[in-house]
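The values are calculated or read from the model by the stated rules, or taken from the named source; none is laboratory data. Treat the numbers as computed from the prediction; the structure is a model and nothing was measured. Areas reflect the complete protein model, heavy atoms only, side chains present, ligands, DNA and RNA absent. Shrake-Rupley method; radii C 1.70, N 1.55, O 1.52, S 1.80 Å.
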Amino acid sequence: MGIKVTKGERKYLTYLYEIEAYGGKRIGTTKIAKALNISPPTAVEALQKLHNKGLVDFIKRKGVRLTDEGVRIVRRILRKHRILEILFFNSTRLPLEEICQCIEKIDVEIDDKLVDKIYVNLGMPKFCPHGKEIPQ
Ligand SMILES: [Zn+2]
């Protein structure tokens, strides 16, 4: 419920989460643009939109960080991503990289409750096939 995140926005949010740009840590927009292979003006525009949605805190020349709400949303996406990874991996045995890319296309959209059911049916695992923790 609540705030909708697009697949494009997902990239920024998960990147900021991975490099732990929240709480006291900010990162410059040039660095983000470089890491995501996006032009700096495009990155600034996207980050401004995320700021307006309340998911990042973006101050020009000071950089950007996730807000508490932003962190909450990323963790929810990663939770769904990792649960689906287990499901897809168990049933296809395809390379994890391939599975990961497929799931990136659906994890922002798919219903939380559906994935929660899958999670319970999988025996409430703690880690994804990469060994990354599944957020609670
Ligand atoms: Zn994984």
Let me make sure I get this right: for the range 78-121, a, b and c are the square roots of the gyration tensor eigenvalues over alpha carbons, sorted descending. Under 1.5 in a/c it's rounded, otherwise prolate if a/b > b/c, else oblate. Which is it? oblate
Give me the mean projected area, in nm² to one decimal, of the convex hull enclosing the Cα positions of the chain. 8.2 nm²
Where the centre of each part is set by its Cα atoms, how far does the range 87-114 sit from the range 1-71, in angstrom? 24 Å
Determine the per residue accessible area of the chain with all protein chains present and a 1.4 angstrom probe, expressed in square angstrom. 61 Å²
Quick check on the range 59-136: what are the equivalent-ellipsoid semi-axes from the Cα gyration tensor, as sqrt(5λ), descending, whole Å? 26, 15, 11
